[in-house]
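First the structure, in the form of structure tokens, and then the observations on it.
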Amino acid sequence: MEKINSRLNLSSFQTIIFGFSILILIGAMLLMLPAAKAGGGNAGFMDALFTSTSAVCVTGLVVQDTATYWSPFGQAVILCLIQIGGMGVVTAAVAFAMVSGKKIGLMQRSTLQEAISAHHVGGIVKLTGFILRTTLVIELAGALLLSCVFIGDFGFIKGIWYGMFHSISAFCNAGFDLMGANMHYSSLTSYLSNAFVNIIIMLLIVIGGMGFLTWEDIKTNRWHLRAYRMQSKVILSFTAVLLILPALFFYFAEFSLPEWASLSGREKLLGAMFQSVTPRTAGFNTLDLTKLSEVGRFIIILLMLTGGSPGSTAGGMKTTTLAVLFFSAISVFHRRETIRCFGRRIELDTVRNAAAILLLYIVFFLAGGLAISWIEDLPALTCLFESASAIGTVGLTLGITPSLGIVSRIILILLMFFGRVGGLTLIFAAASGKKPYTAMLPKEKITVG
């Protein structure tokens, strides 16, 4: 990777974008091979490109059912793309270099710092080793636990494969599933009342979406919460809020509607918990989302746009982005000159970045959803649901994605890529090499609010 950087003169941000783009194209070419498609023949370029983008960007939106359209080889390709995309292309490249005994150069360390949202270059290789070991242990544990159920349902070999596939897909917040053999695009709806499967999948999603630096804090400081980084405190507290409040809404409000009268109390509880977890940003579903009320759909859209935490396998705007804006608003209400959070001060540059990210996501989310609605002549809220799922790299759908035209699919592909790479990464990559504007213009006040 360092040789590529030196030859092409790429910045760290450009390297990240280049890596994801190349991986998507390689994945698409592999999925176009006859061996990748079940029943013989070749997959079309758009189907292969869409699936590869969705896998690398750990989204989970599909235009063909994963279990029935793709062969075991094709499913294995998708799983590899999910694993590399979830960990990050740069992280995977550095991991390969570490295993092969190659020296990790300064440029690689700097790029890796940007890829996993680390605060310092120092100790970055050690942190990468910790990330790889932890990922392997968690995914293996998840696979073994899920296999205990899937072996009984699908047989030994298929049960092991299903356990591994769904463990990696859940941990990487991808949302791809192999349950379509029973009913196409069914996801985990057949396991709605299975508390064991629900809890394992939810734990994998939450752990994968917390962020690598938060893992390190938990490992190092354990129950000494005061010793945690401010970022870890923000992630843990906001994650808890974003899990509890939506679950309460779904259980007491959404599932009290007549559409859900057939659910038992157990199913309503598990469904409420699962629907508060999966929109950030996993894409599995245990319920028929088309039955959701408009308020329920809107809540899920907000959760999908929020996403997980920085330096994790999840996408979206990130919990820290909303947290920074929340604390900024609190400081305005209290007329404070500084922004405070857990006894620390947040820099103004961080607030500006958060505001820029929020604006970018809202603009692209609205533009993509409304464009699809206009092109396909579909309800706006339904299309906004799909665009939020794409840009948040979630994968939840109301069932319209497989029937979309080529232009609409391209829009979703671009939204998925933007959501996984990140808005600021794209902006900084485009601005790399340009001299910063340092002249100070005259200052004048403008009234807001």
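Residues considered: L396, L360. Of these, the only one that is outside any helix (DSSP H, G or I), within 26 Å of the chain's Cα centre (by Cα) and either modelled with pLDDT of 90 or more or within 21 Å of M317 (Cα to Cα) (or both) is L396. Going by what's in this entry, would A329 be described as modelled with pLDDT of 90 or more, out of contact with any helix residue (DSSP H, G or I) (no Cβ under 9 Å at 6 or more places or on another chain) and open to solvent by 10 Å² or more (accessible area, probe 1.4 Å)? Spelling it out, A329 is indeed modelled with pLDDT of 90 or more, out of contact with any helix residue (DSSP H, G or I) (no Cβ under 9 Å at 6 or more places or on another chain) and open to solvent by 10 Å² or more (accessible area, probe 1.4 Å). Looking at I218, I168, can you tell me which residue is among the aliphatic types (A, V, I, L, M) and open to solvent by 40 Å² or more (accessible area, probe 1.4 Å)? Of I218, I168, the one residue that is among the aliphatic types (A, V, I, L, M) and open to solvent by 40 Å² or more (accessible area, probe 1.4 Å) is I218.
Kindly check whether there is at least one residue in region 344-357 that is in contact (Cβ under 8 Å) with a residue 40 or more places away in the chain and more than 24 Å from R280 (Cβ to Cβ). The answer is yes; a qualifying residue exists. Within region 332-348, the set of residues being open to solvent by 80 Å² or more (accessible area, probe 1.4 Å) and not hydrophobic (A, V, I, L, M, F, W, C) comprises H334, R335, R336, E337, R340, R344, R345, E347. Give the residues of region 173-187 that are in a loop (DSSP other than H, G, I, E, B), surrounded by fewer than 21 Cβ atoms within 10 Å (Cβ to Cβ) and of a type outside the set (S, T, N, Q), sorted by residue number. M183, H184, Y185, listed by residue number. If you go through region 363-393 and keep only what is over 22 Å from the mean Cα position of the chain (by Cα) and loosely packed, with under 14 Cβ neighbours inside 10 Å, you end up with W374, D377, P379, A380. Exactly one residue among G308, G296 is small (G, A, S), open to solvent by less than 50 Å² (accessible area, probe 1.4 Å) and assigned to a loop (DSSP other than H, G, I, E, B), and that residue is G308.
Being touching a residue at least 40 places away in the same chain (Cβ under 8 Å), surrounded by 19 or more Cβ atoms within 10 Å (Cβ to Cβ) and over 24 Å from V324 (Cα atoms): is that true of L396 here? So L396 fits the description; yes. When region 368-379 is filtered for residues that are under 23 Å from A282 (Cα atoms) and of a type in the set (G, A, S), the ones remaining, listed by number, are G368, G369. Taking the listed residues I131, I138, I82, the one that is open to solvent by 10 Å² or more (accessible area, probe 1.4 Å), among the β-branched types (V, I, T) and either at pLDDT below 95 or part of a helix (DSSP H, G or I) (or both) is I138, with no other qualifying. Checking each residue in region 49-62 for being over 19 Å from F171 (Cα atoms) and crowded, with 24+ Cβ neighbours inside 10 Å picks out only F50.
The values are calculated or read from the model by the stated rules, or taken from the named source; none is laboratory data. The model shown is predicted, which means the values in this text are computed figures rather than measured ones. We place every Cβ from the backbone using ideal geometry, glycine too, and count neighbours over all the protein chains shown. In case anyone asks, the SASA skips ligands and DNA or RNA and just uses the protein heavy atoms, side chains included. Shrake-Rupley method; radii C 1.70, N 1.55, O 1.52, S 1.80 Å.
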